[in-house]
Amino acid sequence: MKLSRRDLVWIVPSGIAAAFFGWFGWRTVKIQFLKPDVSGQPRWEDGEQVRLAALDDLDEVWSFKYFDYPLAVGKLPAVVLRLPGPVPGGLTAEGRHYAAWSRICTHQGCTVDYVKNTEAGAVLYNYRSDHPFFGCKCHFGAFDPLRAGKAVFGPPRFPLPRIRLEAEAGELYATGHETPLRPLQSLSTSGGSGRV
Ligand code: FES
């Protein structure tokens, strides 16, 4: 069949529109429904041992402390939480549960905040949760500490990378980080894409 110039006038724009909506639909499905669970133990990369706090300093469930974890390229903003129960990649010491994460959002690298007040979080981050979470102001991403940092809302797909914790003589230390350290670590060495 020979196409006339008049046919092309509607076929080409229709093809472009179909391709765009197909891509947009697939991207939406990926963002909304294909956020990976965090079920296993992380692959750790050893790092400096950094004292974070005395175990007693995090004196109640959901207490937290921000800290900087040293990397070769600079300091990684991070947060340690005391949790109501164990999560993969966390630490249980003296009958209490802790876990720590990078605060660099896996979407586009903004710094996430720990949102302890869930009512304020619903207003500020457009995400309603029955327990504290991590929120990213840039595009309203949210991550769930009870699911080991899984991305649960907004554009991020990948979980927050975990920081390895160890306890010694009543003190809490960070001693390494999960790899790949999304979104900072080279994707060519991670075997996957950190982008949506
Ligand atoms: S950078 Fe965090 S949601 Fe986009």
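Please treat every number below as a calculation from the coordinates, not as lab data. Just so it is clear, the structure is predicted and the values come from calculations on it, not from any experiment. Every residue, glycine as well, gets a Cβ built from its backbone with ideal geometry; the counts of neighbours run over all protein chains shown.
With the condition kept exactly as written, say whether any residue in region 56-73 is aliphatic (A, V, I, L, M), in contact (Cβ under 8 Å) with a residue 60 or more places away in the chain and loosely packed, with under 14 Cβ neighbours inside 10 Å.
Yes, region 56-73 has at least one match.
Show me the strands (runs of 3 or more DSSP E) entirely contained within region 57-97 in which 2 or more residues are of a type outside the set (A, V, I, L, M, F, W, C). Give the derivation first.
Working: elements: 64-71, 74-83, 91-93.
In region 57-97, the matching strands (runs of 3 or more DSSP E) lie at 64-71, 74-83.
For (1) within 21 Å of PRO77 (Cβ to Cβ); (2) touching a Pro at 6+ places or on another chain (Cβ under 6 Å); (3) within 13 Å of the ligand (Cβ to nearest atom); (4) assigned to a loop (DSSP other than H, G, I, E, B), each residue gets a yes or a no:
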| residue | (1), (2), (3), (4) |
| --- | --- |
| TYR114 | yes, no, no, no |
| ALA120 | yes, no, no, no |
| VAL123 | no, no, no, no |
| ALA142 | yes, no, yes, no |
| THR175 | yes, no, no, no |
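For region 157-176, which positions are touching a Ser or Thr at 6+ places or on another chain (Cβ under 7 Å) and closer than 13 Å to VAL50 by Cβ?
Selection gives ILE163, ARG164, GLU166.
Applying the selection to region 85-121, what residues are touching a strand residue (DSSP E or B) at 6+ places or on another chain (Cβ under 9 Å), free of Cβ contacts under 8 Å to residues at least 40 places away in the same chain and not hydrophobic (A, V, I, L, M, F, W, C)?
Hits for region 85-121 are PRO86, THR92, HIS97, THR111, ASP113, THR118, GLY121.
Please count how many residues of region 87-112 are away from the ligand (no atom under 11 Å from the Cβ) and loosely packed, with under 14 Cβ neighbours inside 10 Å.
Start the filter on region 87-112 by keeping residues that are away from the ligand (no atom under 11 Å from the Cβ), which leaves 87-102.
With loosely packed, with under 14 Cβ neighbours inside 10 Å added as a condition, the list becomes 94-95.
Looking only at that region, the number is 2.
Within region 127-140, work out how many residues are in a loop (DSSP other than H, G, I, E, B) and within 13 Å of the ligand (Cβ to nearest atom). Before you say what the answer is, go through the steps one by one.
The first filter runs over region 127-140 and keeps only residues in a loop (DSSP other than H, G, I, E, B), leaving 127-132, 137-140.
Now drop any that are not within 13 Å of the ligand (Cβ to nearest atom), which leaves 127, 137-140.
Of the residues in that region, 5 qualify.
If you check every pair at least six apart or on different chains, which have Cβ atoms under 6 Å apart with a residue in region 151-180 that is more than 16 Å from CYS138 (Cα to Cα) and among the polar types (S, T, N, Q) first and a residue that is in a loop (DSSP other than H, G, I, E, B) and away from the ligand (no atom under 16 Å from the Cβ) second?
THR179/ARG43
Those residues that are aliphatic (A, V, I, L, M), surrounded by fewer than 20 Cβ atoms within 10 Å (Cβ to Cβ) and not in a loop (DSSP other than H, G, I, E, B), I need them from region 162-171; list them, please. Can you show your working first?
Narrowing region 162-171 to residues aliphatic (A, V, I, L, M): 163, 165, 167, 169.
With the extra rule that they be surrounded by fewer than 20 Cβ atoms within 10 Å (Cβ to Cβ), the set shrinks to 167, 169.
If the condition is that a residue be aliphatic (A, V, I, L, M), surrounded by fewer than 20 Cβ atoms within 10 Å (Cβ to Cβ) and not in a loop (DSSP other than H, G, I, E, B), then ALA167 is the only one that fits.
Could you please find all residues in region 145-161 being closer than 28 Å to THR92 by Cβ and buried (at least 22 other Cβ atoms within 10 Å of the Cβ)? Please lay out each step first, then the result.
Taking region 145-161 and keeping what is closer than 28 Å to THR92 by Cβ, we get 145-153, 156, 158-161.
Matches in region 145-161: PRO145, ALA148, GLY149, ALA151, PRO156, PHE158, PRO159, LEU160, PRO161.
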